[in-house]
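Below is one structure, written out as structure tokens; comments come after it.
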Amino acid sequence: MSTHTSAELPGLGQAAFVAVSIQLLSAAFLYLILKAEGGWQVIGLLALLGAGFYLIEKRPQIADVVTASFSRVPVVALITAVAVVLLFPFAVGNNTYVLHLLIVAQLYAVLALALNFQLGSANIPNFATGASYGIGAYVSALLAINFGLSFWLTLPAAAIAATLFGFLIGIPSMRTRDTYLALVTIAFGVVVQQLLNNFTWTGGPNGLVGIPAPSLFGHSFASPLVVFGWKLPSQANFYYLSALLVVVAIITAHRLHSSRIGLAWNALRADEIAARAQGINVAWFKVLAFAVDAFLAAFAGTIYAFYVSYISPDNFTFLVSVTIMTMVIVGGMDNIFGVIVGAFLLTILPEKLRAFSDYRLLFFGIVIIAFLMIRPQGLFPQRIRSYGESR
Amino acid sequence: MAELFVQQLVNWVTLGCIYALLAIGFSLIFGVLNVIHFSHGDVAMTSPFIALAAAQALAIAIGVSGPVWLTVATCIAVFAVGLIGVILDKVVIRRFRDAPAMMALVATVALGIVIRELIRHLYPQGSNPHAFPRLASGVALEIAGVQVGWFTLLVVSLTLVLVVLLFAFLRLTPLGLRIRAASEDRIVARMMGIRDTRVFRATFFVASAIGAIAGLLFASYAGVTRFDFGVMAGLLGFSAAVIGGLGSMPGAILGGLIIAGIEVLAQTFVPDGASYRLVFVFLLVIGVLLFRPEGLLGRPVMVKV
Amino acid sequence: MSQLLEVNEATMRFGGLVALNAVSFSIGRGEVLAVIGPNGAGKSTLFNVVTGVYRPTSGHVRFDGIEITGHPSHQVVARGVGRTFQTSRLFSDLSVLDNVIIGMHTRTKTGVLGALFLPGASRREMAACVEKAELLLKASSGELFEQRHRPAGTLAQADRRRLEIARALASEPKLLLLDEPSVGMDEVETDALIADIRRLRTERPELSVILIEHDMRVVEAFPDHVMCVDYGSKIAEGDFATVKSDPRVQEAYLGKAAVHA
């Protein structure tokens, strides 16, 4: 990598071709796996994916060429990405199940990006992201049901509530570490979930029903979306909404990562004592990571609540937090792209394993253990920062 | 009032002993491997199923049943679970010994899923709850008008015997001393030529077998067992080990008693306390760790600069 | 002019162990103080008390005219105290450049909201940091500068030490604490280290340096102000010749028997 010189950089046309075709291929792959039916098709596609990673592992130049191409023609790459995201529902058509999977995957991508600030950037365990997600969902749902507040107003309210919760669970992180801190966050997660399960004003185990669909400029999200005569099912509204949230999460992650904040988090991940000696207020930055995580998770929770219009404590259990954690680890800690891939894979895979009906949880568990043994660094490991021209 | 008090005292001691036995396993494994074996609760809760299966197998194969043969079946289960622990260590857990703590945690959580699903699929009608017999029944004695069953006495005496045996094992036998040396300092232990493999095998066998006994007692106490009991057993046992101080045996016992105590207190004195008992338990966990980050009897971690 | 750092009767106890026993000393601007003493004498504890890692059991630390006793580390650093560690503590999975930029943490100020809503300002801040860090690395050694995009964990021993010093300088300290910088170095590397420190002093005449050292060649190179610590107490202070000939110092280093034999 250090031998990289500008002479090896791909030409403009070649770069544009690589960037566009890689994105189209990924989109096609996503489409195929979403549409795949029967166990063998899914296994075949997974084998293809595995072969792809094996190839990249054996020939790292491929990855270098791809990243170089993307940074050579950022505008082309961006336009292609936007087009793919915008047009995907049209390709899916009336298959509401696929749209539903995409919405859930995008919300999990946001949750995984949220947790990545802690687990990836700063290596702080947090098994309470599911709880922040739940607080976001419940706060916004309660405000909408009891006070008739619109979705757009509940969004910031839920985020503020969850951020306060984030600060609260962050406080013990000043004193406890590793396993002990992991238990503290597990404890917070269980307490929140149990409280939601027992309070009467949260609907107890039955949860909250009848959360009204949001509307924008008079268009209700419960009605089909009509674009230039094309009629998309009502899920498309939420698809675009959650896609927008993913974009916000990516921008947030990118800006924090490339700022002084991201460096400070990385510093305390590598060596807390050395970080302190650089003047980093370690306690504050840890709490900050918890707050940012909760803030983003609340957004995902709000959209989820309004999308399914029915939430219960079962949606926000300890296992949800573990799933989010697994997404970050599988995708690649501190790698924005990897984390999103991890979230998509781990959302879609268990659904597709329905072909194995009753055995899918077993299969899922085995896959995760095997993955952690074979590739503990994740699909896309973290990368060294590069600064503009000084590549 | 006195009656209620004694009754709750009996409940507390029974539950406290069971949690303590679970916590000992967590603490032992963490001490030696520095890894949180999150699925230890699930491993422990396989024992009632294995015991039931063994009892049925005995009944079919040689046509015997009754209390004596139930005891035989439970012994088989304890031994089998010990072996399961050793196998899991060899196949999965040992590989995460030098990995970041979070990897091991996530991997063992996934392992817990696998264990639960295996019970569900391998045991006939595994998704349903299965009745589990009292391992001892009848009234042993009466204190202040409260009848104390043989079962309570069994739990208490078994726990005491196990703790004494464990301490004797760790302090008197060569293998036990090696386990202690390994948990004091792994690198030093390795330099002194202690063969790690044997130490790990022994640690996992002992921890899992003790967990299996806790699992049997728990199922017997509840009168029922289910494939997913391991989740809560694991969380409560882990919490007990952590607030007691990971790696400390007396700490694990203390932690078990405290967790059981708060549960019983909540159920007795707080209206609707039964449904809020986990809230109280985990608030206590947070509170303890806020003021004693290394647990009650744990050694504070001195960071060398 | 008042001294830059004044340590007054600093005592540090860990349980029954007295790691520092009423140690007092001071250092003025632009001076170099060498601290010597046998292993476990309390030299590193002294650094930890000065930098706020430990709060002294009793006694006072004043820096730049302000009482900083027991202030948290990050505040002490912000006031102008930079340090290196005995066993090098680089952020090994980050690039050499990032290590230096993190050293500028107290000299930069973008917060979460700033990073999110004023990305231009945040980018400019980082660009300025990169520029400054590259200058620092170039000044340190051309070899280190060439390796600036490599993970710090892959550097050779001598370069690691240089990078630690560069990182400490990035915070623009008034006082630099070097904890056994020559540990694990051969003679050539030690000579280079001495040259590095000398160069540093000519480039930054206002910078004060406290040096914990075992290697007497390094101490000899900065002989004006030397202090010897043993069993947590200061047993001698003065120029190198005076300290070296002090019988208590010889005793501490060679053992009682050797001196009286």
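The values are calculated or read from the model by the stated rules, or taken from the named source; none is laboratory data. Just so it is clear, the structure is predicted and the values come from calculations on it, not from any experiment. Positions of Cβ are backbone-derived with ideal geometry, glycine not excepted, and every protein chain shown enters the neighbour counts.
Screening the candidates B:GLY25, B:GLY112 for the property of being within 15 Å of B:PHE205 (Cα to Cα) and touching a residue at least 12 places away in the same chain (Cβ under 8 Å) yields one hit, B:GLY25. Contact annotation: residue pairs with Cβ atoms under 6 Å, 6 or more positions apart or on different chains, pairing a residue in segment A:206-230 that is more than 23 Å from A:LEU87 (Cα to Cα) and exposed (fewer than 14 other Cβ atoms within 10 Å of the Cβ) with a partner that is at pLDDT 85 or above and of a type in the set (Phe, Trp, Tyr), are A:VAL209/A:TYR310. Here is a list: B:ALA260, B:ALA266. Which entry is under 20 Å from B:LEU21 (Cβ atoms) and either away from chain A (no Cβ under 11 Å) or modelled with pLDDT of 85 or more (or both)? None of the others qualify; the one that does is B:ALA260.
If I filter segment B:83-92 for residues that are under 24 Å from B:ILE258 (Cα atoms) and either in a helix (DSSP H, G or I) or within 14 Å of chain A (Cβ to nearest Cβ) (or both), do I get at least one hit?
Looking only at segment B:83-92, we keep the residues that are under 24 Å from B:ILE258 (Cα atoms), and these are none.
No - not one qualifying residue is present in segment B:83-92.
One residue stands out among those in segment A:328-350 that are aliphatic (A, V, I, L, M) and under 16 Å from A:ASN123 (Cβ atoms): the one that is surrounded by the most Cβ atoms within 10 Å (Cβ to Cβ), which is A:VAL339.
Residue-by-condition table, conditions (1) more than 14 Å from chain A (Cβ to nearest Cβ); (2) free of Cβ contacts under 8 Å to residues at least 24 places away in the same chain; (3) farther than 25 Å from C:ALA236 by Cα; (4) of a type in the set (D, E, K, R):
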position: C:ILE27; (1), (2), (3), (4): yes, no, no, no
position: C:ALA34; (1), (2), (3), (4): yes, no, no, no
position: C:GLY37; (1), (2), (3), (4): yes, no, no, no
position: C:ALA41; (1), (2), (3), (4): yes, no, no, no
position: C:VAL53; (1), (2), (3), (4): no, yes, yes, no
position: C:THR69; (1), (2), (3), (4): yes, yes, no, no
position: C:HIS74; (1), (2), (3), (4): no, no, yes, no
position: C:VAL77; (1), (2), (3), (4): no, no, yes, no
position: C:GLY82; (1), (2), (3), (4): no, no, yes, no
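Considering (1) of a type in the set (S, T, N, Q); (2) in contact with a strand residue (DSSP E or B) (Cβ under 7 Å, 6 or more places away or on another chain); (3) part of a loop (DSSP other than H, G, I, E, B), the lone condition that B:ASN128 does not fulfil carries the number (2).
Looking only at residues that are of a type in the set (A, V, I, L, M, F, W, C) and more than 7 Å from chain A (Cβ to nearest Cβ) in segment C:98-109, which one is nearest to A:LEU288 (Cα to Cα)? Spell out how you get there, then give the answer.
Quick first cut of segment C:98-109, residues of a type in the set (A, V, I, L, M, F, W, C) only: C:100-102, C:104.
Pick out the ones that are also more than 7 Å from chain A (Cβ to nearest Cβ) and you get C:100, C:104.
On the way: C:VAL100: 23, C:MET104: 20 Å.
The selected residue is C:MET104.
With respect to B:GLU117, is the statement that it is more than 14 Å from chain A (Cβ to nearest Cβ) and among the acidic types (Asp, Glu) true? For B:GLU117, the condition - more than 14 Å from chain A (Cβ to nearest Cβ) and among the acidic types (Asp, Glu) - is not met.
In a helix (DSSP H, G or I) and free of Cβ contacts under 8 Å to residues at least 24 places away in the same chain: which single residue out of B:GLY251, B:GLY234, B:GLY255, B:GLY287 fits that description?
Working: B:GLY251 fails: free of Cβ contacts under 8 Å to residues at least 24 places away in the same chain; B:GLY234 fails: free of Cβ contacts under 8 Å to residues at least 24 places away in the same chain; B:GLY255 fails: free of Cβ contacts under 8 Å to residues at least 24 places away in the same chain.
It is B:GLY287.
Of the residues making up segment C:173-211, those that are surrounded by 15 or more Cβ atoms within 10 Å (Cβ to Cβ) and touching a residue at least 40 places away in the same chain (Cβ under 8 Å) number 18. Looking at (1) buried (at least 16 other Cβ atoms within 10 Å of the Cβ); (2) within 14 Å of chain A (Cβ to nearest Cβ), which is the one condition that is false for B:VAL78? B:VAL78 satisfies every listed condition except (2). Those helices (runs of 4 or more DSSP H) of segment A:231-295 in which 2 or more residues are more than 9 Å from every other protein chain (Cβ to nearest Cβ), more than 24 Å from C:ARG107 (Cα to Cα) and in contact (Cβ under 8 Å) with a residue 12 or more places away in the chain occupy A:235-257. Among all positions in segment A:194-213, there is at least one residue which is more than 10 Å from chain B (Cβ to nearest Cβ), over 24 Å from the mean Cα position of the chain (by Cα), of a type in the set (Val, Ile, Thr) and not in a loop (DSSP other than H, G, I, E, B). Of all residues in segment A:362-375, those that are facing another protein chain (nearest Cβ under 7 Å) have Cβ atoms under 7 Å from Cβ atoms of residues that are of a type in the set (Asp, Glu) and surrounded by 22 or more Cβ atoms within 10 Å (Cβ to Cβ), 6 or more apart or on another chain, in A:LEU362/B:GLU117; A:GLY365/B:GLU117.
In segment C:110-120, what count of residues is obtained for those that are more than 7 Å from chain A (Cβ to nearest Cβ) and touching a residue at least 12 places away in the same chain (Cβ under 8 Å)? Result for segment C:110-120: 0. Close Cβ contacts (under 9 Å, 6 or more residues apart or on different chains) running from residues in segment C:146-158 that are without any contact (Cβ under 8 Å) to a residue 60 or more places away in the chain and more than 9 Å from chain A (Cβ to nearest Cβ) to residues that are among the small types (Gly, Ala, Ser) and in a helix (DSSP H, G or I) comprise C:ALA158/C:ALA192.
With respect to being facing another protein chain (nearest Cβ under 8 Å) and touching a residue at least 40 places away in the same chain (Cβ under 8 Å), A:VAL184 falls outside the description.
Looking at B:LEU28, B:LEU70, B:LEU22, just one residue is surrounded by 24 or more Cβ atoms within 10 Å (Cβ to Cβ), out of contact with any Ser or Thr (no Cβ under 9 Å at 6 or more places or on another chain) and part of a helix (DSSP H, G or I), and that residue is B:LEU22. Among the residues of segment B:31-41, those identified as touching a Ser or Thr at 6+ places or on another chain (Cβ under 9 Å) and assigned to a helix (DSSP H, G or I) are B:GLY31, B:VAL32, B:LEU33, B:HIS40. Against the list (1) within 14 Å of another protein chain (Cβ to nearest Cβ); (2) under 30 Å from B:GLY245 (Cα atoms); (3) buried (at least 24 other Cβ atoms within 10 Å of the Cβ), the condition A:PHE167 fails is (3).
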